[in-house]
Amino acid sequence: MLAVRMLLILFVGLYTTRIVLNTLGVVDYGIYGVVGGIVAAVSFLNTSMSNAISRFLIFCLGKGDYHTLRKTFASALFTQIILALIVLLVSETVGLWFLYNVLNIPIGRMDAAFWTFQASIACMIITFIQTPFNASIIAHERMGVYAYIEILNSLLKLGSVYILLVVKVDKLILYAFLIVAVHIITLLAYYLFCRLNFEECKLRLCSEKKYIKPLLSFSAWNVFRNMSVTARQQGNNFLINIFFGVVLNSASGLATTIYGLIMGLANSISTAFNPKIVKLYAKDRAEDMNESIYTAVRYSTLIMGVITLPAILEMKNLTQLWLGRSDIDFVIAFCSIQLLVGFINLVTNTVVSGVMATGKIRKFSIVYGGLYLMSLPVAYIVLKLGVGPLSTYWVTLGMGFIILLATSFVLKQLVPQFSVNRIVTTLALNLLIVVLCGVPAILLHFTLGETLLRAILVGTAHLITLGGFVYLFLLPKELKQNLKRGILRR
């Protein structure tokens, strides 16, 4: 269900991005990305709490402790509301100063940038409040419902694009507030389902120190880690803005969109595995937990491989199809490198799930966050040397592999049964399988002329060869039988 959800979101997301880019224009699209990045710069608070909430809700379910489950959810909701108020305060002070004094906004568009900024703040606050409900659905492993609500979110964004085309007002401001409306409707959908189906999700707050302290203690170390990730992501965007202006911010924003959509598809499998990983650790079944990590890495990277190789080969064709143009500077190169980064980050995120399950994240957060932050000054130095905007992405790719190794060694210390060699070997083997199965696609790419038909044939050939190889040689017999039964039943 999560894979179906992400396929729909992928296609709707690509289509809406094209319409939004063409409607707003390159400059306004760049403004939307960089202004929204100011608020996203404090999103590490929500990400940190989201990790903590998910871990403790899943852990309580694994232990069967429903009293603590109810109290934990109520405490999480209370904490998220307080953090949302803090974000509002910081955004309306420090964020506004940054908007008016640091960013390179074209003359005449500052008012539109201001209202876009206000809409971004509203979206972030709604996201904070929604997080405990998301976490509860995933903790209960109701992945189908989670998929349906996210599909609703995607279709609402599609409707927003239609309104953007027919209403004659400032398009940038209108689009920003349409996205706020989408966030509100999605929050209501999550709330209503959780309220009707999960006992712990009654709308009540708990401010008891006994339950809030573990959440804050866990998330405190997570704050540094997620702050570092956000600082790196938004820092790259700000560096590109400062050195090259908002036009390259558009290319960077498009590459980030591609990365988010593709990673969302691959991460769907990781999301399905995360509750199982935590619950197995809660039951002291470390070997089974490790096996789930290896399995998640194996299948998620192969799914990523189905998309990545054809997408890199046919990026120019796909960009033309997606945006109706392929002349935006660096967008093809940015998107291609981001897909490679996705391979590494996908494996890292799965290993991180194992670390989170243990609850011992102090050392991990320091190592992980420190390495992420190191990439910013390195990228700045490289840009100052005049190497060019691609350097920030190559630095990200190199640091991503180092972070994967460091994270794997930390998990090895926490769970001695975990094998770093097996993770690295799985990644290397899957990359080799993707490339070898991609030979027919590569031959088609270099044999046929540059047309949309070639892109379709390249993608289809790779899907058939890689999918066939996985089915014949990698899937266990029992899983093949289950797959056949599932297809026949549907």
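The values are calculated or read from the model by the stated rules, or taken from the named source; none is laboratory data. The structure presented is a predicted model; accordingly, all values stated were derived computationally and were not measured. Note: ideal-geometry Cβ built from the backbone for every residue, glycine included; neighbour counts use all protein chains shown. Side chains included, ligands, DNA and RNA excluded: accessible areas come from the protein's heavy atoms. Shrake-Rupley method; radii C 1.70, N 1.55, O 1.52, S 1.80 Å.
Of all the accessible heavy-atom surface of the chain, with the other protein chains kept in place and a 1.4 Å probe, what percent is carbon and sulfur? Ligands and nucleic acids excluded, carbon and sulfur give 68 percent. Excluding same-chain neighbours fewer than eight residues apart, the lysines reachable from Lys283 by a Cα-Cα span under 28 Å are Lys63, Lys71, Lys202, Lys209, Lys210, Lys213, Lys360, Lys363, Lys412, Lys477.
Annotation: for a label point projected 7 angstrom from Cα along Cα→Cβ of Tyr15, residues of the range 147-173 with backbone N closer than 15 Å are 151-165. Coupling constants for the range 467-472 follow from the phi torsions by the Karplus curve (6.51 cos²θ - 1.76 cosθ + 1.60, θ = phi - 60°), and in residue order they are x, x, 4, 4, 5, 6 Hz; glycine and proline get x. Note that the range 143-154 has calculated 3J(HN,Hα) couplings of 5, x, 5, 4, 5, 4, 5, 5, 5, 4, 4, 5 Hz, one per residue in order, obtained from phi through the Karplus relation 6.51 cos²θ - 1.76 cosθ + 1.60 (θ = phi - 60°); glycine and proline are x.
Listed by chain and number, the lysines whose C-alpha is less than 23 Å from the C-alpha of Lys168, apart from same-chain residues fewer than 8 away, are Lys157. Once the chain from Lys202 to Val387 is taken as fully extended at 0.36 nm per residue, the excess over their C-alpha distance is 61.1 nm.
Distance between Cα centroids, the range 462-479 to the range 128-177: provide it in whole Å. First find each Cα centre; the distance between them is then 34 Å.
Over all other residues within a Cβ to Cβ distance under 15 Å of Glu478, the charged ones net out to +3, with Lys and Arg as +1 and Asp and Glu as -1. Counting Lys +1, Arg +1, Asp -1, Glu -1, what net charge surrounds Glu141 among other residues with beta carbon under 12 Å of its beta carbon? Around Glu141, the charge tally is +3. Computing FRET efficiency as 1/(1 + (r/R0)^6) for Phe446 and Arg490, where r is the C-beta to C-beta distance and R0 is 51 Å, gives about 0.85. Packing, taken as the mean count of other beta carbons within 10 Å per residue, orders the peptides 307-315, 409-417, 277-285 from highest to lowest as 307-315, 277-285, 409-417.
With the charge dipole of the chain set up from +1 on Lys and Arg Cβ and -1 on Asp and Glu Cβ about the Cα centre, the Cα lying farthest toward the positive end among the listed residues Ile303, Thr392, Val355 is that of Val355. If a paramagnetic tag sat 7 Å from the Cα of Ile242 along the Cα-Cβ line, which residues of the range 110-148 would have the backbone N under 16 Å from that point? Correct set: none at all.
Placing unit charges on each Cβ (+1 for Lys and Arg, -1 for Asp and Glu) gives the range 32-153 a dipole about its Cα centre, and among Ala135, Trp97, Ile107 the Cα reaching farthest toward its positive end belongs to Ala135. Computing FRET efficiency as 1/(1 + (r/R0)^6) for Asn101 and Leu165, where r is the C-beta to C-beta distance and R0 is 30 Å, gives about 0.30.
Note on Thr460 and Tyr66: the model spin-label points, each 7 Å out from Cα along the C-beta direction, lie 5.3 nm apart. Within the range 1-116, the proportion of Cα pairs with more than 21 Å between them is 60 percent. For the chain, the per residue solvent-accessible surface stands at 43 Å², with DNA, RNA and ligands left out and a 1.4 Å probe. Its residue count N fixes a reference of 2.2 N^0.38 Å for the range 51-173, and the Cα radius of gyration divided by that reference is 1.39. Please give the direction-averaged projected area of the C-alpha convex hull for the chain, in square nanometres with one decimal. Approximately 23.2 nm², given one-decimal rounding.
For a straight C-alpha distance cut-off of 27 angstrom, the lysines reachable from Lys480 (same-chain residues fewer than eight places away being disregarded) are Lys276, Lys279. Dividing the radius of gyration of the alpha carbons in the range 288-367 by their Kirkwood radius gives 1.15 for Rg/Rh.
Protein-only accessible surface at a 1.4 angstrom probe places the residues Trp221, Trp115, Trp97, Trp322 in the order Trp97, Trp115, Trp221, Trp322, largest first. Here the range 274-346 is treated with +1 on each Lys and Arg Cβ and -1 on each Asp and Glu Cβ, and its dipole about the Cα centre works out to around 200 debye. Stretching Leu7 away from Lys480 to a fully extended chain increases their span by 168.1 nm, per 0.36 nm per residue minus the current alpha-carbon distance.
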